[in-house]
1. Step by step: first the residues of region 249-268, then only those that are in contact (Cβ under 8 Å) with a residue 24 or more places away in the chain and over 16 Å from the mean Cα position of the chain (by Cα), then the one that is surrounded by the most Cβ atoms within 10 Å (Cβ to Cβ). Which residue is that?
2. Of the residues 245, 336, 310, 324, only one is under 28 Å from residue 146 (Cα atoms), assigned to a loop (DSSP other than H, G, I, E, B) and at pLDDT 95 or above; which?
3. Would you be able to tell me the number of residues in region 162-195 that are buried (at least 24 other Cβ atoms within 10 Å of the Cβ) and in a loop (DSSP other than H, G, I, E, B)?
4. How many residues, within region 214-228, are within 13 Å of residue 242 (Cβ to Cβ) and more than 20 Å from the chain's Cα centre (by Cα)?
5. Restricting attention to region 6-29, report how many residues are within 14 Å of residue 127 (Cα to Cα) and without any contact (Cβ under 8 Å) to a residue 12 or more places away in the chain.
6. What number of residues in region 196-242 are free of Cβ contacts under 8 Å to residues at least 12 places away in the same chain and either part of a loop (DSSP other than H, G, I, E, B) or outside the structural domain of residue 177 (by TED's automatic domain parsing) (or both)?
7. So which residues in region 288-337 are more than 15 Å from residue 159 (Cβ to Cβ), in contact (Cβ under 8 Å) with a residue 60 or more places away in the chain and within 16 Å of the chain's Cα centre (by Cα), if there are any at all?
8. Taking residue 254 as the residue in question, decide whether it is in contact with a helix residue (DSSP H, G or I) (Cβ under 8 Å, 6 or more places away or on another chain) and at positive phi.
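The values are calculated or read from the model by the stated rules, or taken from the named source; none is laboratory data. The shown structure was predicted, so the numbers you read here are calculated from the model rather than taken from an experiment. Note: ideal-geometry Cβ built from the backbone for every residue, glycine included; neighbour counts use all protein chains shown.
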């Protein structure tokens, strides 16, 4: 951060009105300072070197060069944590794949509550991004092939995954190498509504697993992955010899809905020692106590290490309270998981 100890932010946005809206919500926070604004990436390039921002907010749809191309151009040569500002589009996942830290959804500018929520989300994510150190751990999609070690289908076991900032790419990097015989997987990723469905569809298209956004009544069978819907908690319950999920709106837990703790605690209650809990990158502490609960019930637990985490918050808290049995890098987590299953 700069000498003022404020988080120095560069805003890249082609809309004059929305630049003003972003400036208004950010300047209201005493920990943030807008050091420059730019109407497009070409203008931003000059201002980056002149102002040395701690964080950049960047629109995706822009003239001259779009936000995704800007991220791909900038990060290999000069690292700055980037928060994408997007309309409802699956292009955000391309930006995250390119190295952006996180994203926020553009609100209806005529909606005062929408603008207020947008401002709160953006401020929260800027503060998280300011803690990201260069380089952002980036998943190399062609670096390892799928794991082909045979695993017998096991309906008794269940895998619970939780993540926040940096989690979409981290979850993908794990699921993409797993064979379709793995036990059922439930996922709580801090993500807005609609985008959770897009995320699930993207995982379904790019992995050997059957992935969908969860609905109440869905079964967690081997080879399937259920992603908690945005703005809904997801719980697991046992129905005979199978596991089933329940999704419902509710108050935020640890600041989030869906909450990783809600998912982990329910999985520990339903499956006990048959649970494998995995807590990945993210700011805050959601999931730490739930992971400890899984371990106390006899389940196995894995935490992502600091070096491979985009934000070493949630897994650090879990490590500190003794919830993590095995701490390892993101790259090694799938292999550790397979060894536990064997």
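1. The qualifying residue surrounded by the most Cβ atoms within 10 Å (Cβ to Cβ) is 264.
2. Residue meeting the stated conditions: 324.
3. Counting residues in region 162-195 that are buried (at least 24 other Cβ atoms within 10 Å of the Cβ) and in a loop (DSSP other than H, G, I, E, B) gives 7.
4. 6
5. Total satisfying the criteria: 1.
6. Qualifying residue count, region 196-242: 1.
7. Within region 288-337, 308, 309, 310, 311, 313, 314, 330 qualify.
8. The answer is yes for residue 254.
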